[in-house]
Every structure is written in C-alpha cells, then in structure tokens.
Amino acid sequence: MSLMTILDRVADVPTFDKVLDPARRAVNAVLRPQAFKDLLHGTWLGHPLHPVLVQVPVGSWVSAGLLDAIPRLRPAATVLIRTGVVAAVPASLAGAADWSEQAVGVRRLGAVHAVANTAALGLYVGSLVARGRGRGTLGRVLSYTGLGIAGGSAAIGGHMSYAQSSGASHAATAARALTSDWIDLGPLDDLPEGRPALRTGKGGSIAVPLAAVRRGTKVDVFIGACSHLSGPLYEGAVEDVRGRECLVCPWHGSAFDLDSGAPRRGPAANPQEKLEVRMEAGRVMARLPNHQR
Ligand code: FES
C-alpha cells in the first residue's frame, strides 16, 4: 500500500471527529477578530500564508541538520534550531487558521500534521535545552529525531495541498476547464440588479458555472466556483466589505472585490478568476482574459 493510499485512508477515519470539532471551535474562538484570521490566511497577500511561513522552520532545521554533522559548525546549528523554533509559532498559527476552514477529510489529516509538528517542535526545544546544558550528543539525537518527524509531517502537508487541494485555488481549476472563447450570457436586461446570477460556459462536455453581477449597465462576471473550496458564488450576495463592493460566498463568507476579484475577507486567500466583459447588441459577452487561458 502506498503512502498516499494510507493518508487517504486516514482522511476517511471519523474516530477522532468528536475531538476535532471542539478543537476547531477553540481555534475559531482564539484567532479573533476576523482581520487577524485573514492576516494568517494570507487574504491580504492574495496567496495562502502558511506555505510561505513554513519555509523558515523547515529551511532552518534542515540546514541545522547539515551543520550538526560538522563539529566546528555546531554552534551555528544551534542558532538555526532556535530560529526554526521561533518561526514555527506564526507558521503554526497560519496553519491552524487554514485548518479550521477546511473540509472534514482535510481536517482529519491536518490534525495528524499538527500533532507531528508539535512533537517535532517539542523535540527541538528539548534539543536546545540539552545543548544549553552542555549535553551536545543528546541535543543532536533530539534534533535529528525532530527533523525526521518534521519531514514526515511535511509529506502529510504536501498531500493535503496537492492531493486534497487544501490551499489550491478551486476557481483557477474551474477556469482551466473553460473551453469557450466569448460566451453569450444573454440580454443585459435579464440579469437581476445587485445580486449574482448563474450563467454557464462550456468546459468540454460539462457546463462551467459563472456568477454574473449586474450594477446598472456594468456587469462583472466571475468563475462561479469559489476559489476557497468551490462554493457556489452565484448563490452568494453583494455586500460592502471593508469599504469595497464585494461578492460574498454563501459557504464560509469569503468576499471578493467586484472590480478586481481580489479577496477582501477570508478564509479565501486566492483571488477569484474574473472574466472580461463586452456588450454586443444588448447582450452580455464574457471570456477569460488571455493570461488565464
Ligand atoms: S467555499 Fe469557502 S468561502 Fe467560498
């Protein structure tokens, strides 16, 4: 059985859901207000923040492992381990923020990822204590053990990202399926004012949902699957969020700027794919901009 199959099986096991649900509520209670949580999601960056932040502890700890193999460089290894321990704190907070807004299978695997990371962090802290007391051999045993666990945990995180699409833009995936060039969305007058309407484009033999929002004679058209977890944006609402008119997802409340598609409120960190629009004899025509095709 491959590692990927094992991880997929773990994601199907509901045994610990009774623990995970309160843990999720606790994360949501602690990571407040919403602006703080959005900071951790990376909504301001237009990219998930967690994978950016984890570069520091992972890089520091791997480098420390190499330096520890050369006796005269061991003091530098200690500095890197300390750097990784400090950097692991914001990385963990960002991971917890994302974890709390994921689907149940990702949350199960994410819990394993978090437990393994916590164990690795504890081992590195223990290693620093041992090194500080002059017990270098013990310190190296603890840090190499921590590195092994952190490496295994990174593989789980990779599976969550690549196989379970936990940080991917689901809107970008839907946009890639769109095979139509200019799509006829029907007469402008058929679109309701100030709320999204469902329209579709062709994606081979399937229909790709679009969300069209009319404001007077202006129409903004987005891929209908929310970039966060594919929620139906065409069933959302138009609201003022942080001073901008936004299309708000009905599933977890992510808000996307109607003018640009940029996320204004999380949990979405990725922008929402927006189509270019032109009018043709009173009909609304839309297509993906060149850079998205
Ligand atoms: S699917 Fe989660 S906010 Fe849209």
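The values are calculated or read from the model by the stated rules, or taken from the named source; none is laboratory data. Since the structure is predicted, the reported quantities are computational estimates derived from the model, not experimental observations. Every residue, glycine among them, receives a Cβ derived from its backbone with ideal geometry; neighbour counts consider all protein chains shown. Accessible surface is based on the protein model in full, side chains and every heavy atom, while ligands, DNA and RNA are left aside. Shrake-Rupley method; radii C 1.70, N 1.55, O 1.52, S 1.80 Å.
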Quick one: in region 92-107, which of the residues that are more than 16 Å from the ligand (Cβ to nearest atom) and surrounded by 22 or more Cβ atoms within 10 Å (Cβ to Cβ) is farthest from residue 36 (Cα to Cα)?
-> 95
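Matching residues to (1) in contact with a Gly (Cβ under 9 Å, 6 or more places away or on another chain); (2) modelled with pLDDT under 95; (3) not assigned by TED's automatic domain parsing to the domain that holds residue 125:
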position	(1), (2), (3)
13	no, yes, no
35	no, no, no
49	yes, no, no
53	yes, no, no
56	yes, no, no
Exactly one condition in (1) under 18 Å from residue 38 (Cα atoms); (2) surrounded by fewer than 23 Cβ atoms within 10 Å (Cβ to Cβ); (3) out of contact with any strand residue (DSSP E or B) (no Cβ under 7 Å at 6 or more places or on another chain) is not met by residue 266; state its number.
-> (2)
What is the residue count in region 127-169 for residues that are small (Gly, Ala, Ser), out of contact with any His (no Cβ under 8 Å at 6 or more places or on another chain) and farther than 18 Å from residue 67 by Cα?
-> 10
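Residues are listed down the side, and each one gets a yes or a no for (1) assigned to a helix (DSSP H, G or I); (2) open to solvent by 30 Å² or more (accessible area, probe 1.4 Å):
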position	(1), (2)
32	no, yes
43	no, no
51	yes, yes
62	yes, yes
86	yes, yes
112	yes, yes
Scope region 64-84; condition open to solvent by 40 Å² or more (accessible area, probe 1.4 Å) and either assigned to a loop (DSSP other than H, G, I, E, B) or polar (S, T, N, Q) (or both); matching residues = 69, 70, 83
Would you check which residues across region 200-233 are away from the ligand (no atom under 16 Å from the Cβ), surrounded by 16 or more Cβ atoms within 10 Å (Cβ to Cβ) and within 19 Å of residue 257 (Cα to Cα) and list them?
-> 212, 214, 219, 220, 221
(1) open to solvent by 30 Å² or more (accessible area, probe 1.4 Å); (2) farther than 26 Å from residue 14 by Cα all hold for residue 117 apart from (2)
